[in-house]
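Have a look at the structure below before the remarks.
The values are calculated or read from the model by the stated rules, or taken from the named source; none is laboratory data. If you're wondering where the values come from, they're calculated on a predicted model, not measured in any experiment. Ideal geometry is used to build each Cβ from the backbone, glycine not excepted, and the neighbour counts take in all protein chains shown. Quick note on the areas: whole protein, heavy atoms, side chains included, nothing else; ligands and nucleic acids left out. Shrake-Rupley method; radii C 1.70, N 1.55, O 1.52, S 1.80 Å.
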Amino acid sequence: VLSKGSAYLSQLGNIDAIAFDQTGTLTRGKPQVTHSYFGDSVDEQKMIDIVVALEKEANHPLANAILEGFESKEVLSIEVTNQIGKGLMGNYNGREYRIGKPTSFKNVSTMFAQLNEEWAAEGNTVVYVAEDEEVVGLIGLMDIPNTAAKSTIEYFKRLGIHTTLITGDSEMTGKAVAKELGIDEVIADVMPEDKSNIIEHQQEKYGVVAMVGDGVNDAPALVKADVGIAMGQGTDVAVEVSDLALMQNDLTKLVNAHKHAVKMNKIILQNILFSMWVVLFLVTVSLLG
C-alpha cells in the first residue's frame, strides 16, 4: 500500500463510511459476454461488425470483453466519439450508431426492456446497441467479484463502518452485486460527474468517508473523499489523485492498511497521553520542590 502521507493513513483509521466503485474495484474488471440479442429485422453480422469497430476505440473493461466475445467478418473503419456516461457513437453508411447504458436511450421496445430487466436481475451489466437512436440490440456482460471483496466488506461492517456501492450500472445489476457481497447501500445509474456529489452527501450524513476506485470517472470522487484510495492497476489519473494506492489491486491490503491505521492512531494517542502525564508529573514535583 502506497500512502502519500501519514495524515492520510491516520485519517483512514477514523473513517465512518466507505464507498466502492464496482468494475475493476469490487469486481475483477474482466467481464465476459454472457448474452446477446439483435432484433429480427436486423442483419446480426453487420451489427456485430459495427459493434466491434466501435469498441476497438474504447479503453473500458467492457470493451475488451465485447471484443473477445464477438468476431467480425468485415473490418470496418468508423470514427468514434466517446460520450462520457453515455457510451460510444459513430457514423457508418449515413447512419448513426451508438452503444451505451440503457438509461441513456429513450426509443426502446418492450421486448428489449424486458430482456434488460431479466439479464440485469441476474447480475449482468447490459448495454444497448442503437441505430439512429432506435435500440436494435443488447449485450449482457458479467463481471466476477474480486475474490477478496466479500471478506473486505464483512470486515468494515463488523466495525460498524457503512459500506456503499456506487455504480453506473442499472439498479438491478448493482443490487445483485451488493446482495452477493453484503453491501449496505447501492447507488446505481450514476453519471461520472455525480460521484463527487454522492461522496459529499455521504460526508454530511456519516462523517469521515473513504472512496475506493480505479477509473478516470472515479477521480473527482477520490479527490472529494476524506481518503481517496486507488486500485494500483487502474488508470494513472486515479492513482495520481488518490491519497492511498493498493499496488496489486488486492483488497486484503486495504483491510491491512486500515488495521495499521487504527493501531497507529492508538499509539499516537498513547504517546500524547503519556507525554502529558510526564509534563504534569514534572510540573507537580517542581512546585513541591
Task: Rounded accessible area of Tyr37 (nearest 10 Å², 1.4 Å probe) - done: 60
TODO: Considering only protein heavy atoms, with the full assembly of protein chains and a 1.4 angstrom probe, order Thr25, Thr81 by accessible area, largest first.
DONE: Thr81, Thr25
Open item on the list: Between Met111, Met264, Met89, where does the largest GNM mean-square fluctuation fall for the chain, given springs only between Cα atoms within less than 10 Å?
Closed with: Met111
- [ ] Report, to the nearest whole %, how much of the accessible area of the chain belongs to carbon and sulfur atoms, 1.4 Å probe, protein only.
- [x] 51
TODO: Could you check the simple spin-label distance between Glu171 and Val216, using points 7 Å along Cα→Cβ, in nm with one decimal?
DONE: 3.0
Open item on the list: As a test question: what accessible area, to the nearest 10 Å², does Ile198 have when a 1.4 Å probe is rolled over all protein chains in place?
Closed with: 30
Open item on the list: Which one, Leu159, Leu141, Leu54, has the greatest fluctuation when you compute a Gaussian network model over the chain with C-alpha springs under 10 angstrom?
Closed with: Leu159
Task: Neighbourhood charge, 15 Å Cβ-Cβ cut-off, centred on Val241 and excluding it, Lys, Arg +1 and Asp, Glu -1 - done: -4
Task: For region 92-187, share of DSSP beta bridges that run antiparallel, in % to the nearest 5 - done: 75
Task: Exposure rule at most 16 other beta-carbon atoms within 10 Å, DSSP loop trypsin sites (Lys or Arg not before Pro): the chain longest free segment - done: 107-289
- [ ] Rounded to the nearest 500, what is the 222 nm mean residue ellipticity of the chain from helices alone, with -39500 (n - 2.57) per DSSP H run of 4+ residues and division by all residues?
- [x] -13000 deg cm²/dmol
- [ ] Please give the FRET efficiency for Thr284 paired with Lys259, using the beta carbon to beta carbon distance and R0 = 35 Å, rounded to the nearest 0.05.
- [x] 0.40
Task: Top of Asp40, Asp184, Asp214 by mean-square fluctuation, Gaussian network on the chain, Cα under 10 Å - done: Asp40
- [ ] Count the DSSP beta bridges whose two residues both fall in the chain, then state the antiparallel fraction as a percent rounded to the nearest 5.
- [x] 60
Task: Alpha-carbon spread of region 62-115, three principal axes, descending order, Å - done: 32, 25, 22
Task: Estimated FRET transfer efficiency when R0 is 30 angstrom, pair Lys4-Glu185 (beta carbons, to 0.05) - done: 0.60
Open item on the list: Can you give the local net charge around Asn197? Use residues other than it whose beta-carbon is closer than 13 angstrom to its beta-carbon, Lys and Arg +1, Asp and Glu -1.
Closed with: -1
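Please work out the average accessible area per residue across the chain, using the 1.4 Å probe convention, and give it in Å².
Value returned for the chain: 51 Å² of accessible area per residue.
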Open item on the list: Give the separation of the Cα centroids, region 116-194 to region 204-248, in Å.
Closed with: 18
- [ ] Pop a pseudo-label 7 angstrom from the Cα along the beta-carbon direction at both Glu68 and Asp43 and give the gap in nm to one decimal.
- [x] 3.0
Open item on the list: Suppose the Debye formula is applied to equal point scatterers at every Cα of the chain; what is log10 I(q)/I(0) at q = 0.10, 0.11 Å⁻¹?
Closed with: -0.58, -0.68
TODO: Take the alpha-carbon positions of region 105-256, form their convex hull, and give its projected area averaged over all directions (one quarter of the hull surface) in nm².
DONE: 9.6
Task: Helix runs (DSSP H) in the chain reaching 20 Å along axis by Cα, Kyte-Doolittle at least -0.5 - done: 251-287
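Using the Kirkwood radius over Cα pairs, work out the Stokes-Einstein diffusion coefficient for region 127-189 at 37 °C and 0.692 mPa s, in µm²/s as a whole number.
Reported coefficient: 246 µm²/s.
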